[in-house]
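A short write-up of the structure that comes next.
Coordinate-derived values only; no laboratory data. Model, not experiment: these values are computed from the prediction. As a convention, Cβ positions derive from the backbone with ideal geometry for all residues, glycine included, and neighbour counts pool all protein chains shown.
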Amino acid sequence: MRYDDSNIFAKILRGEIPSEKVFEDNQVFVFMDIMPRSPGHLLVIPKAKARNILDIRKEELHAVIDSVKKMAELAMQAFNADGITIQQFNEDSGGQEVFHLHFHVIPRYSGERMQSPGQMVKDMSNLKIQADKIRVLLN
Ligand code: 5GP
């Protein structure tokens with residue numbers, strides 16, 4: 001399967017559609033998921049054109065994983081989380097919906113289940129408030 005430049009995360013990386021960015025460097029981009037499964041749900045993606053874990057180069061994957069770990073640590077602190085769920089899906093049959101590699105970093109709270117998928121955030125300003133909580137720890 002080939003990488004398709006028209007996927008939504010490629011458009012976010014090119015700045016063609018908005019996102020609530022939390023962090024970026026020359027290899028990685030981190031932003032808030034617009035349909036959070038739990039408050040503080042982040043997405044970590046490579047800037048490299050990789051469809052998923054099956055076609056990304058190892059060096060590029062390492063940079064993404066470093067960022068996933070960093071974001072997991074920061075999310076614990078920023079959102080007073082009790083745990084973190086990391087999810088990553090590959091190809092249609094593997095549950096993938098957006099075909100640009102991404103890792104979900106999902107803060108979890110004691111006794112609270114994840115929201116069902118596909119529920120758009122009700123108030124976009126909440127995403128900014130959450131992103132600010134991470135951004136302040138990066139400074
Ligand atoms: P997956 O491919 O891992 O099944 O899911 C893709 C993820 O991308 C979902 O959690 C979905 O909420 C998120 N998503 C889809 N479209 C957008 C978008 O336009 N902006 C943001 N920030 N997240 C999106």
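Counting only helical runs of four or more DSSP H residues, what would the 222 nm mean residue ellipticity of the chain come to if each run contributes -39,500 (n - 2.57) and the total is spread over all its residues?
Details: 3 runs with 42 residues, N = 139.
Calculated mean residue ellipticity at 222 nm is -9500 deg cm²/dmol.
Amide H to amide H, which residues 5 or more places from Ile84 or on other chains are under 5 Å from it, using H placed in the peptide plane?
When sequence neighbours closer than 5 places are left aside, the close amide H contacts are Arg108.
In whole Å, how far is the Cα centre of the range 30-68 from that of the range 83-139?
Using only Cα atoms, the two centres lie 11 Å from each other.
How do Leu61, Leu42, Leu54 line up, fewest other C-beta atoms within 10 Å first? List each step's numbers first, then the result.
Numbers: Leu61 16, Leu42 30, Leu54 11.
Sorted ascending by nearby Cβ count, the order is Leu54, Leu61, Leu42.
In whole Hz and in residue order, list the ³J(HN,Hα) couplings for the range 22-30 that follow from phi through the Karplus curve 6.51 cos²θ - 1.76 cosθ + 1.60, θ = phi - 60°; x for Gly and Pro.
Per residue, the Karplus-derived 3J(HN,Hα) values read 9, 6, 8, 9, 6, 10, 10, 9, 10 Hz.
Summarise the long-distance tail of P(r) for the range 1-132 by giving the % of C-alpha pairs beyond 23 Å. Before the final figure, lay out each step's value.
Numbers: 2439 of 8646 pairs.
The share of Cα pairs beyond 23 Å in the range 1-132 comes to 28 percent.
Please give the helix 58-78 orientation as an angle from the longest Cα principal axis of the chain, in degrees from 0 to 90, rounded to the nearest 10.
That helix lies at roughly 10 degrees to the long axis.
Which one of Val22, Ile34, Ala10 is farthest out on the positive end of the charge dipole of the chain, using unit charges on Cβ (Lys, Arg +1; Asp, Glu -1) and the Cα centre as origin?
Among Val22, Ile34, Ala10, the one farthest towards the positive end of the dipole of the chain is Val22.
Highest GNM mean-square fluctuation, the chain, Cα pairs closer than 10 Å: which of Lys122, Lys11, Lys47?
Lys122
Enumerate the calculated ³J(HN,Hα) couplings along the range 92-107 in order (Karplus 6.51 cos²θ - 1.76 cosθ + 1.60, θ = phi - 60°), each rounded to whole Hz, writing x wherever the residue is Gly or Pro.
3, 5, x, x, 7, 10, 10, 9, 9, 3, 8, 10, 8, 10, 10, x
If you line up the long axis of helix 124-138 against the longest principal axis of the chain, both from Cα atoms, how many degrees apart are they, to the nearest 10?
Long axis of 124-138 versus the principal axis of the chain: about 90 degrees.
Ranked by Cβ crowding within 10 angstrom, fewest neighbours first, how are Asp123, Asp4 ordered? Show your work: numbers first, answer last.
Values: Asp123 8, Asp4 11.
By the 10 Å Cβ count, ascending: Asp123, Asp4.
How large is ³J(HN,Hα) for each residue in the range 13-19, as worked out from phi by the Karplus curve 6.51 cos²θ - 1.76 cosθ + 1.60 (θ = phi - 60°), to whole Hz, x for Gly and Pro?
So the J values, rounded to whole Hz, are 4, 7, x, 7, 10, x, 8.
On a 27 Å Cα-Cα criterion, which of the cross-link pairs Lys58/Lys128; Lys58/Lys122; Lys11/Lys70; Lys49/Lys122; Lys11/Lys122 come out too long?
On the way: Lys58/Lys128 32 Å; Lys58/Lys122 37 Å; Lys11/Lys70 25 Å; Lys49/Lys122 31 Å; Lys11/Lys122 22 Å.
Over 27 Å Cα-Cα: Lys58/Lys128; Lys58/Lys122; Lys49/Lys122.
Would you pull out the residues with amide H under 5 Å of Phe23's amide H, same chain only if 5 or more places away, H placed 1.01 Å from N?
Here the answer is Val30, since their amide H atoms fall under 5 Å of that of Phe23.
For Met114, Met1, Met32, what ranking results if the residue with the fewest other Cβ atoms within 10 Å of its Cβ goes first? Don't skip to the end; give the middle numbers.
Values: Met114 13, Met1 10, Met32 22.
Placing the least packed residue first, the sequence is Met1, Met114, Met32.
Where nothing but the Cβ of Lys and Arg (+1) and of Asp and Glu (-1) is charged, how large is the charge dipole of the chain around its Cα centre, in debye to the nearest 20? Could the numbers behind the result be given before it?
Values: 18 positive and 19 negative charges, 29 e Å.
Its charge dipole is roughly 140 debye.
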